[in-house]
Amino acid sequence: MSASSDRRFVIVLAGVLGGLVSIALALIVIASLTTRGVEGQPGLQTARLSERLAPLAAVATEATAQPTNAASAAGSGAPALSGAQVVQQVCSACHSAGVLGAPKIGDGANWGARFKAAGGVDGLAQVALHGKGNMPPKGGDAALTEDQVKVAVQYMLAQSGIKH
Ligand code: HEC
């Protein structure tokens with residue numbers, strides 16, 4: 001290798017290195033502009049990021065924002081749920097299809113016999129409150145009030161054609 005080709009190699013190498021350094025500097029400047037933003041404005045990437053990271057939904061933790069349910073009605077005295085609602089939410093699990101030998105809603109003969117044996121609505125309501133055989137106390141929902149259990153019994157009787 002001659003001295004002149006050595007010199008040419010050094011010049012070319014310096015040129016390539018200089019070019020790479022200026023490209024790197026340009027990339028750094030572009031990156032800082034897009035992420036940090038200009039004059040206090042959030043950069044393009046930062047804005048997009050916070051948009052993507054935003055939660056899908058917020059959870060309401062205020063007591064007033066909670067829907068009322070059987071549990072919150074317990075102790076308040078007033079039945080917040082109608083007989084139909086209690087039956088739909090609790091009792092129908094067994095009494096719709098006759099699960100575990102439960103008298104089916106609409107089975108007038110079955111309900112009629114039980115109505116007589118228990119001595120009326122109040123007797124049946126007492127059984128429903130305390131349980132019997134496979135029938136759990138309050139149908140398994142301890143949050144139900146006595147009133148709610150009774151209106152549920154009345155509703156199932158009415159649906160089964162039992163006058164009371
Ligand atoms: C886990 C199933 C189940 C759920 C839930 C359930 N019951 Fe029952 N229920 C039964 C079964 C089983 C019987 C029959 C018990 C027997 O005669 O031995 C029964 C019987 C009854 C009877 C007749 C009692 C009697 O003296 O013959 C009443 C009244 C009654 N349930 C009311 C309710 C009410 C009100 C609810 C809802 C608050 C409810 N049940 C929820 C299973 C259930």
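Values in this text are rule-based calculations from the coordinates and carry no lab data. As the structure is a prediction and not an experimental result, all values here were calculated from the model. With ideal geometry, Cβ positions are generated from the backbone for all residues, glycine too; neighbour counts draw on all protein chains shown.
Can you sort LYS138, LYS132 so the residue with the fewest Cβ neighbours within 10 Å comes first?
LYS132, LYS138
Between VAL99 and LEU25, what is 0.36 nm times their sequence separation minus the Cα-Cα distance? Round to one decimal in nm.
My answer for the length gained is 19.1 nm.
Would you please put 5-13, 148-156, 101-109 in order of how densely packed they are, using the mean number of other Cβ atoms within 10 angstrom per residue and starting with the highest?
Result, highest mean first: 148-156, 101-109, 5-13.
According to the square roots a ≥ b ≥ c of the eigenvalues of the Cα gyration tensor, what is the shape class of region 79-159, taking rounded for a/c under 1.5, prolate for a/b larger than b/c otherwise, and oblate for the remainder?
rounded
Could you calculate the contour length gain from ASN110 to THR46, that is, 0.36 nm times the residue separation minus the distance between their Cα atoms, to one decimal place in nm?
Additional length available on full extension: 16.2 nm.
Taking Cα pairs under 8 Å and at least six residues apart, what relative contact order does region 79-159 come out at, in percent?
Dividing the mean separation by the residue count of region 79-159 yields 40 percent.
Fewest to most neighbouring Cβ within 10 Å: what's the order for THR145, THR34?
By the 10 Å Cβ count, ascending, the order reads THR34, THR145.
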